[in-house]
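These notes are about the structure you will find just below.
Coordinate-derived values only; no laboratory data. No experiment lies behind these values; they were computed from the predicted model shown. Here Cβ is always computed from backbone atoms with ideal geometry, including for glycine, and neighbour counts include all displayed protein chains.
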Amino acid sequence: MCQLTVNDLAHYAGEVTDDPLIRNQSGIARERPVDQSVEELELETAIAHNVRRLRRQQGLSVGDMASRVGISKAMLSKIENAQTSCSLSTLARLANGFDVSVTSLFRGAEMERSAVFVKAGEGNEIVREGSREGHEYELLGSLRGEHKRLECLLVTLTEKSVTQPLFQHAGTEFLYVLEGVMDYAHSRSVYRMHPGDALQLDGEGAHGPVELVELPIRFLSVIAFPDSAV
């Protein structure tokens, strides 16, 4: 139980170290030394998740689990929040305390996480309901997670038209202007958008460009569809 059977986890034999942690409402971000691999950080995150899950499954508080394992409450809290790297001896103590194998504490670290990379000019041209002469939509990526779908578009407007498309869809949309000036409507409001301006909107409200002020216009459109639309 006290031996680590995964060779590439040997770096955990070192002393426990602390790294500064940056928090926000949606997750955590850590300062990574240039000589520390991303894979190592992923292992620490996997350990944090598994330790917290196992403790809660056994109905124990942080203090009770720390006493059982033989480490301080503060140390266990840091481990569960991915704020520290564990030594081999600490990993062995945790595994013994939970009555699991040491390697089970790394479960999930090997999971492949999805990403979409598109080089400049290599996005797929698509046809939308608003597609017409002078309106180009380039799909920069569509990523489907476990429950949600994210769609990213680069929109280019090069010609004025007598009519302009208005869209409605489920989910939330984010717009960011790269070039040009336009008046963009959402529901009962109209926004004059310049390069660098951003607009986040509820997709259920009718929205779209109503006046192309300075052509050409390029903007990013990122749509997060809800569970029901996946």
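Worth pointing out:
- Neighbourhood charge, 15 Å Cβ-Cβ cut-off, centred on Ala185 and excluding it, Lys, Arg +1 and Asp, Glu -1: -4
- Cβ-derived FRET efficiency at R0 41 Å, His49 paired with Thr158, nearest 0.05: 0.30
- With a cut-off of 12 Å between beta carbons, the residues surrounding Pro216 carry a summed charge of -2, where Lys and Arg count +1 and Asp and Glu -1.
- Calculated FRET efficiency for the pair Asn81/Ile126, C-beta based, R₀ 45 Å, to 0.05: 0.60
- The range 209-229 residues near the modelled Leu166 label - backbone nitrogen below 19 Å, point 7 Å along Cα→Cβ: 209-213
- Sequence ranges 57-66, 166-175, ranked by mean other-Cβ count within 10 angstrom, highest first: 166-175, 57-66
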